[in-house]
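Take a look at the structure set out below.
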Amino acid sequence: DAKTTQPNSMESNEEEPVHLPCNHSTISGTDYIHWYRQLPSQGPEYVIHGLTSNVNNRMASLAIAEDRKSSTLILHRATLRDAAVYYCILRETSGSRLTFGEGTQLTVNP
Amino acid sequence: DGGITQSPKYLFRKEGQNVTLSCEQNLNHDAMYWYRQDPGQGLRLIYYSQIVNDFQKGDIAEGYSVSREKKESFPLTVTSAQKNPTAFYLCASSLPSQPQHFGDGTRLSIL
């Protein structure tokens, strides 16, 4: 499976935007970019995914570089409830498996 | 409400005993998965099943066994052969090539 690289931790202030980066230089043309987040003592929660174009949903936006070697998850206004570990994962078009790295621990300050 | 139910939330086991973790889903998903998570680390895939009566080993299947007799159920047995079973176990399900939905996990500890 293609690997991703994320910072171990990031910090933000409440009600400010947060940009969480992910590098995936070995991405293949058929890999989707998925983001999940995990709150303490809970299972991961799907956030967003995309292939080539930028994507928006009610939780976040996903900006994908033109060469697809990196992407950024954008939380437009961070809240205390957004404090979690965020995982960037590559998934094959026809595949069902997810390979989790260690993710980015996001801390949101009041 | 549709979702994934894992039970129990906390489980204790004596050394040398097998223990079975339950995972049930009412989302009508074909695929189901079991992951293990150790403190401060990401999830690692133990077993997955894409259809009833079929399953495949993940990255860390040694010491574990599963069955998939019904679409709704995918129990995981942690056998005595698993040398370090203390961990947080997470079950998930999905439709083909769709995002995975996770349960709230079972925390297994050895007495």
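Of the strands (runs of 3 or more DSSP E) lying entirely inside segment B:1-103, those containing at least 3 residues that are under 28 Å from A:GLN105 (Cβ atoms), in contact with a Phe, Trp or Tyr (Cβ under 7 Å, 6 or more places away or on another chain) and within 12 Å of chain A (Cβ to nearest Cβ) are B:31-37, B:43-51, B:87-94. Give the residues of segment A:43-92 that are charged (D, E, K, R), modelled with pLDDT of 95 or more and either part of a strand (DSSP E or B) or under 24 Å from B:LEU45 (Cα atoms) (or both), sorted by residue number. Correct list: A:GLU45 only. Residue count for segment B:47-62, restricted to those that are within 15 Å of B:HIS29 (Cβ to Cβ) and in contact with a Gly (Cβ under 8 Å, 6 or more places away or on another chain): 1.
Evaluated against (1) surrounded by fewer than 19 Cβ atoms within 10 Å (Cβ to Cβ); (2) within 13 Å of chain B (Cβ to nearest Cβ); (3) farther than 20 Å from A:SER9 by Cα, A:LYS69 falls short on exactly one condition, (2).
Any idea which of A:ARG97, A:ARG81, A:ARG77, A:ARG37 is closer than 22 Å to B:GLN56 by Cβ and not hydrophobic (A, V, I, L, M, F, W, C)? Don't jump to the end; show me each part of the working.
On the way: A:ARG81 fails: closer than 22 Å to B:GLN56 by Cβ; A:ARG77 fails: closer than 22 Å to B:GLN56 by Cβ; A:ARG37 fails: closer than 22 Å to B:GLN56 by Cβ.
So the residue among A:ARG97, A:ARG81, A:ARG77, A:ARG37 that is closer than 22 Å to B:GLN56 by Cβ and not hydrophobic (A, V, I, L, M, F, W, C) is A:ARG97.
Taking the numbered list (1) among the basic types (Lys, Arg); (2) touching a residue at least 12 places away in the same chain (Cβ under 8 Å); (3) away from every other protein chain (no Cβ under 13 Å) in turn, A:ARG58 passes all entries but (2). Can you confirm whether B:ARG36 is of a type outside the set (Gly, Ala, Ser), modelled with pLDDT of 95 or more, more than 12 Å from A:SER96 (Cβ to Cβ) and out of contact with any Lys or Arg (no Cβ under 7 Å at 6 or more places or on another chain)? Criteria not met by B:ARG36.
Could you figure out which of (1) free of Cβ contacts under 8 Å to residues at least 60 places away in the same chain; (2) at negative phi isn't true of B:GLY63? Going through (1) free of Cβ contacts under 8 Å to residues at least 60 places away in the same chain; (2) at negative phi one by one, B:GLY63 breaks only (2).
The values are calculated or read from the model by the stated rules, or taken from the named source; none is laboratory data. Treat the numbers as computed from the prediction; the structure is a model and nothing was measured. FYI the Cβ positions are ideal-geometry reconstructions off the backbone, even for glycines, and counts take in every protein chain you see.
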